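Novice: Take a look at this one; I'll ask things after.
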Amino acid sequence: NPPLMVRVQLDAAKMRLSAAAKIQTGLAGDGWETVECEKKYELKLEGMPVRGKIDRVDRNSKTGMVRILDYKTSDNPDTAEAAHLVKAKDGASDYAVVQPGIGGSNSPKQWKDLQLPLYRIMYAEANGGLDLPCEVGYFNLPKAVADTGTSLWKGYDRELSLSAMSCAKGVILDIKRHRFWPPAQMATNDDFESLFPLAADDCFDVSNFFGKTAK
C-alpha cells in the first residue's frame with residue numbers, strides 16, 4: 001500500500017514507458033535497431049582521457065545509418081542544437097566559436113556544451129572515423145506523452161565534429177596552463193555569484209593566472 005505520491009509517480013512512469021514503446025515500434029518498422037546501450041567510450045585529447053557513456057546507439061538495417069541518442073526526461077527539453085550552441089559572445093575564446101556556414105548556421109555560434117559531439121567523435125574513432133554516416137539527437141520522455149519521441153540535430157555535420165574537437169582541445173590546454181580567466185559575465189548555473197560583491201576583475205589579483213606552459 002504505497003503512499004499516494006509513489007502511486008502517482010508509478011502511473012506517470014507507466015505512461016511514459018507506454019508512449020516510448022509506441023515510438024519504439026515505429027522506429028523498428030523503419031529499420032532502426034538498438035545495437036548498444038550504456039556503453040563506455042574513451043578518447044584522448046591533448047594527452048587527457050575524456051570518457052563518456054552513450055545512452056543508446058541505433059543502426060538502420062536498411063540504410064546503414066547510425067544514430068546516437070541521449071535520453072531526456074525534462075518536460076521542456078531544448079533541441080540538441082539549442083542545448084549545445086548559443087550566439088557567439090564578445091570575448092569568446094577562438095576555439096569556442098563556430099564560424100558561419102558550419103552546421104548550416106548563418107551567424108557565428110559558440111559552444112556551451114560538447115556532450116553529443118564528443119559522443120559522436122568517440123563512437124567514430126572506435127568505428128571507422130568521422131566519415132561514418134551518423135546522426136545525433138535526443139530521445140525525449142517528457143510528462144506530456146504526446147511529445148515523446150526522437151529529436152535529431154538537423155544540420156549536424158563533420159565540420160561541427162571537428163569544431164567541437166578543437167574546442168575540447170582548447171579547454172584542456174587552458175586547464176593545463178591554469179588559464180581560467182576571464183570568467184563568463186553570465187553563467188547558467190552560478191553557485192558562487194554571492195562571492196563577487198563587485199565585478200570579478202575587481203575582486204582578484206590575476207597577475208599569476210597567465211604565462212604557464214602546457215605540459
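Novice: Which of the residues belonging to the range 1-33 are more than 26 Å from the chain's Cα centre (by Cα), of a type in the set (A, V, I, L, M, F, W, C) and farther than 10 Å from Val145 by Cα?
Specialist: The answer is Leu4, Met5, Val6, Val8, Leu10.
Novice: What residue, of Arg120, Arg158, is closer than 24 Å to Asp30 by Cα and either of a type in the set (Asp, Glu) or in contact (Cβ under 8 Å) with a residue 12 or more places away in the chain (or both)? Steps first, answer last, please.
Specialist: Details: Arg158 fails: closer than 24 Å to Asp30 by Cα.
Among Arg120, Arg158, only Arg120 is closer than 24 Å to Asp30 by Cα and either of a type in the set (Asp, Glu) or in contact (Cβ under 8 Å) with a residue 12 or more places away in the chain (or both).
Novice: Considering the range 180-215 alone, what residues qualify as being at pLDDT below 75 and farther than 22 Å from Asp90 by Cα?
Specialist: Within the range 180-215, Ser207, Asn208, Gly211, Lys212, Thr213, Ala214, Lys215 qualify.
Novice: Within the range 83-117, count every residue that is touching a residue at least 24 places away in the same chain (Cβ under 8 Å), in contact with a strand residue (DSSP E or B) (Cβ under 6 Å, 6 or more places away or on another chain) and not in a loop (DSSP other than H, G, I, E, B).
Specialist: So the answer is 7.
Novice: Let me ask another. Given the criterion farther than 24 Å from Thr150 by Cα and among the hydroxyl-bearing types (Ser, Thr, Tyr), identify the matching residue among Tyr41, Tyr95. I'd like the intermediate steps shown before the answer.
Specialist: Numbers: Tyr41 fails: farther than 24 Å from Thr150 by Cα.
Testing whether each residue is farther than 24 Å from Thr150 by Cα and among the hydroxyl-bearing types (Ser, Thr, Tyr) leaves just Tyr95.
Novice: Whether any residue in the range 26-41 is exposed (fewer than 15 other Cβ atoms within 10 Å of the Cβ), part of a loop (DSSP other than H, G, I, E, B), at pLDDT 95 or above and at negative phi is what I want to check.
Specialist: yes
Novice: If I filter the range 133-140 for residues that are at pLDDT below 95 and open to solvent by 50 Å² or more (accessible area, probe 1.4 Å), do I get at least one hit?
Specialist: So far as the range 133-140 goes, yes, one or more of its residues are at pLDDT below 95 and open to solvent by 50 Å² or more (accessible area, probe 1.4 Å).
Novice: Among the residues of the range 42-77 satisfying the criterion of being under 21 Å from Lys14 (Cα atoms) and not in a strand (DSSP E or B), which is most open to solvent (accessible area, probe 1.4 Å)?
Specialist: So the residue we want is Asn76.
The values are calculated or read from the model by the stated rules, or taken from the named source; none is laboratory data. Keep in mind that what you see is a predicted model, and the values were worked out from it rather than measured. Note: ideal-geometry Cβ built from the backbone for every residue, glycine included; neighbour counts use all protein chains shown. Only protein heavy atoms, including side chains, enter the accessible area calculation; ligands, DNA and RNA are left aside. Shrake-Rupley method; radii C 1.70, N 1.55, O 1.52, S 1.80 Å.
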